[in-house]
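Report on the structure given below.
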Amino acid sequence: MIDDYKQILLRIATAESFGSGFYLRKYNLVVTSEHIIRGSLNVVIHNEIIDKQLANVVYTDQISDIALLRPKVELKIPNCQLSIANDIGQDVYSMAYPIRKGLVSAQGKIKSIAETFHGIEHIEHTAILGNEANGTPLFDNSGNVLGLNSFVRTKKGVRGIALPMDNILECIRDYQNSNATIAAKCSNCRKTIGGINIHNCTNCGVSILMPDNVEVYEPAGVCKTIEDLLSSMGYSLELARIGPDHWELLRGSALIDISYYQKNGLIIGDAYMCKIPPQSNGKLYEYLLRLNQKLENLTFSIREDDIILSLLVYDRYLNEETGIRLLTNLLDTADHFDNILVNDYGCLWTNSRKLI
């Protein structure tokens with residue numbers, strides 16, 4: 001069942017946020033939460049079968065917290081069926097691809113089909129995932145999409161709500177009827193306004209945040225230094241950015257996760273290489289320990305069942321010369337040793353490689 005549903009799931013990432021979304025092939029549109037993509041004109045989308053690519057933000061509604069994205073190339077993903085939730089107690093499912101994780105899922109039931117949230121009726125359910133799974137679809141038992149998930153943290157824990165499918169279809173119709181490349185629903189008069197270079201609602205006159213009224217992201221300080229290094233190494237910055245102070249790269253068969261922690265000035269590069277075999281042996285651990293004694297500025301470790309090669313450097317030591325040397329060494333070493341670990345020591349390729 002999961003394999004049938006998960007193909008429409010997408011990871012959504014910008015320079016300042018990340019979350020999830022889902023693809024409606026009939027309309028060639030990606031549906032996600034507006035707060036995830038706010039401030040971005042283009043966002044990165046991908047999943048296990050779709051390589052990283054950019055999609056344009058073409059419609060936003062801040063009150064309903066929904067955004068529509070148009071992939072630059074139509075995605076080769078099966079079409080999904082849509083449905084309306086109408087039964088309290090109905091079994092439902094939530095699924096997502098959170099950052100740094102594979103597929104996660106939760107099963108639950110509908111608690112209400114008319115729960116008011118921000119003045120709009122939502123589906124309330126118990127198929128709870130974390131906040132980073134906002135923007136995912138809510139499925140029924142047959143794999144039909146019932147709504148757009150939000151997971152709201154309250155004093156009592158995480159609450160699961162979903163914008164119903166009829167609201168989503170209304171947004172799609174409003175966007176199509178605007179006959180414009182981009183459009184937004186006014187938070188004041190609730191009219192959909194289409195067109196470029198619009199700053200005030202043409203119906204009521206109040207300020208309106210259109211998808212193109214955003215400032216282009218410009219990194220500063222250490223983040224700019226990191227991005228300059230990645231750019232000089234040939235990586236697309238738009239595709240590498242995945243949330244604040246965080247980048248993902250692919251070198252050969254190794255996935256590299258780079259994070260900058262401003263509070264302590266530490267830059268960490270983690271290369272997720274492969275997974276330990278189900279029945280690991282001492283030879284593998286002995287080999288990793290020997291490598292740790294030989295490698296310069298790099299360390300092998302095991303987290304859960306992932307074998308990770310890590311680089312740690314403080315921002316005050318980072319410049320163009322040292323940065324390129326250290327990052328290139330991490331990338332080349334990871335790409336070299338993951339094949340050895342798989343071929344000679346029985347380690348397993350990780351599915352997370354597909355999500356880069």
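The values are calculated or read from the model by the stated rules, or taken from the named source; none is laboratory data. Fair warning: this is a prediction, and the values are worked out from it, not measured in the lab. Reconstructed Cβ throughout: ideal geometry from the backbone, glycine too, with neighbour counts over all protein chains shown.
For region 220-229, taking the residues that are more than 15 Å from GLU321 (Cβ to Cβ) and hydrophobic (A, V, I, L, M, F, W, C), the one that is surrounded by the most Cβ atoms within 10 Å (Cβ to Cβ) is identified as CYS223.
Can you tell me which residue among LYS294, LYS263, LYS275, LYS283 is touching an Asp or Glu at 6+ places or on another chain (Cβ under 6 Å) and not assigned by TED's automatic domain parsing to the domain that holds VAL44?
Values: LYS294 fails: touching an Asp or Glu at 6+ places or on another chain (Cβ under 6 Å); LYS263 fails: touching an Asp or Glu at 6+ places or on another chain (Cβ under 6 Å); LYS283 fails: touching an Asp or Glu at 6+ places or on another chain (Cβ under 6 Å).
From the options LYS294, LYS263, LYS275, LYS283, the qualifying one is LYS275.
For region 1-89, which fully contained strands (runs of 3 or more DSSP E) count at least 1 residues that are charged (D, E, K, R) and farther than 29 Å from ILE113 by Cβ?
Working: elements: 9-13, 18-24, 29-32, 42-46, 53-61, 66-71.
In region 1-89, 66-71 are the strands (runs of 3 or more DSSP E) which contain 1 or more residues that are charged (D, E, K, R) and farther than 29 Å from ILE113 by Cβ.
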